[in-house]
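Scroll down for the structure; my scribbles are underneath it.
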Amino acid sequence: MDHIAKRIAVLGSTGSIGRQTLEIVRVLRDKFQIVALAAGRNTDLLVQQALEFRPNLVYFEEGISSKPDCLDFCTFASLEEIAGHPNVDLVLVATSGKAGLNPTIAALRARKQVALANKEVLVSAGNLVMAEACHAGIDILPVDSEHSAIWQCLRGERTAEIERLVLTASGGPFFRYGHEAMSGITPEQALRHPTWQMGKKVTIDSATLMNKGMEIIEARWLFNVALSQIEVVIHPGSVVHSLVEFRDGSVKAQLSPPDMRLPIQYALTYPERLPNDQLPRMKWDTPMSLSFEKPDWTRFPCLTLAREAAEKGDTYPAVLSAADEEAVELFLAHRIGFTDIAKIVEATLEKHEPVENPALEAILEADAWARQFTADWSLNKL
Ligand code: MG
């Protein structure tokens, strides 16, 4: 192994982003060394990955007592220990939901590079996380495709010259559905995303457009712009990953076939771009047209709820994120309908008593309260 290889910790290595990160590392073997792998419940896959990449550190939810003998070359460590470990240069946070928050803060405090795929971290605690990043002098490297696109468009540009950030949304599978049809949507239908292959939580969030709502909040923190400067357009092709409009009216966009490996690789190799013939190319010899239209904020209330929570600030975005995570679980378990997701999130936000300028503890409390409220609401309602 080349001594200048970047040493990477992959948190959430068995999820969709984690697996694709390891695909990139397989291609760019001499550039990266996997020093830590962490997963939730998919221990079988984690063991396979560990046997292939030989990390020094592993984490899985069931803990040290169930560490298989074949992993005797790895030390078991918590997510926070991994994130702050001296042998780690870059932490890729690809956990889902709330799980990424503490490790992200631990990584920033230890002045590690952080590539962030877990948008809920910035949704619930953007203010805190950005303050930690600023204090540590670390830029958070976005992995979300839209934010990677904006980041790429902004290279060499000045923040003060940005007029608008335009986030593209595929619209998900139901973007032409009427309200009636929407209430009958099953988890199986919602998990069939037209353009992207992703984990379950983000796929459901894409179908409700909560994902795009959360991306508004994510963009606001990553690029330090006002909420009023962020727009959403529906672009069903998922070829333009987002756009930046500047104050002279010029617009820059980033295009590529929809494949998460590109934004992952860009975050890992930044500021370099490295050749990788596994990544798909645009086909300029086939006719192609790009279409854009306004989203329907009424038919997709999650988009509105996210924007309102962002405008109110304080602990509202944390509550939005927690309530949504629980509601998506309930929907996937067939316990509530598709349109109930927005109803639960709305009811939770309405009942929330916010904490101003919350510290981490207040955010975690608001998160726990929202999860409990969501569970009670679904029990009483059903
Ligand atoms: Mg995205």
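Things to note:
- Spherically averaged projected area in nm², based on the convex hull that wraps the Cα atoms of the range 1-130: 7.3 nm²
- Positive-pole candidate from Phe32, Gly126, Pro55, dipole of the chain, charges at beta carbon: Phe32
- Helix-only [θ]222 nm of the chain, DSSP H runs n ≥ 4, -39500 (n - 2.57) each, per residue, nearest 500: -13500 deg cm²/dmol
- Relative contact order for the range 172-326: 24 percent, from Cα pairs under 8 Å spaced at least 6 residues apart, divided by residue count.
- Extent of the range 308-373 along its three principal axes (Cα atoms, max minus min coordinate, largest first): 36, 21, 15 Å.
- Rel. contact order, % - alpha carbon contacts under 8 angstrom, at least six apart, the chain: 15 percent
- Size descriptors for the chain, from the alpha-carbon set: Rg then Dmax equal 20.3, 62 Å.
- Tyr316 accessible area, 1.4 Å probe, all protein chains in place, Å² to nearest 10: 30 Å²
- Mean Cβ neighbour count within 10 Å, used as a protection proxy, ranking 199-207, 361-369, 157-165, 105-113 highest first: 199-207, 105-113, 361-369, 157-165
- The range 64-168: chymotrypsin sites (Phe, Trp or Tyr not before Pro) in DSSP coil with no more than 14 other Cβ atoms inside 10 Å: Phe73
- Note on the range 180-223: Kirkwood hydrodynamic radius from all Cα pairs is 11.5 Å, rounded to one decimal.
- On a per residue basis, the convex hull of the C-alpha atoms belonging to the range 65-121 measures out at 93 Å³.
- Cross-link partners of Lys67 among lysines (Cα-Cα below 28 Å; sequence separation of 8 or more within a chain): Lys6, Lys98, Lys112, Lys200, Lys201
- If the segment from Phe76 to Ala160 were pulled out straight at 0.36 nm per residue, it would be longer than the present Cα-Cα gap by 25.7 nm.
- In the range 149-188, the convex hull through the Cα atoms has an average projected area of 4.8 nm², a quarter of its surface area.
- Gyration tensor (Cα) of the range 74-209, equivalent ellipsoid semi-axes in angstrom: 31, 21, 12
- Shape analysis of the range 127-180 based on the Cα gyration tensor places the equivalent ellipsoid semi-axes at 30, 16, 11 Å, largest first.
The values are calculated or read from the model by the stated rules, or taken from the named source; none is laboratory data. Please read all numbers here as calculations on a predicted model, not as lab measurements. Heads up, the Cβs are rebuilt from the backbone with ideal geometry, glycines too, and the neighbour counts pull from every protein chain shown. Ligands, DNA and RNA are excluded from the accessible area calculation, which covers all protein heavy atoms including side chains. Shrake-Rupley method; radii C 1.70, N 1.55, O 1.52, S 1.80 Å.
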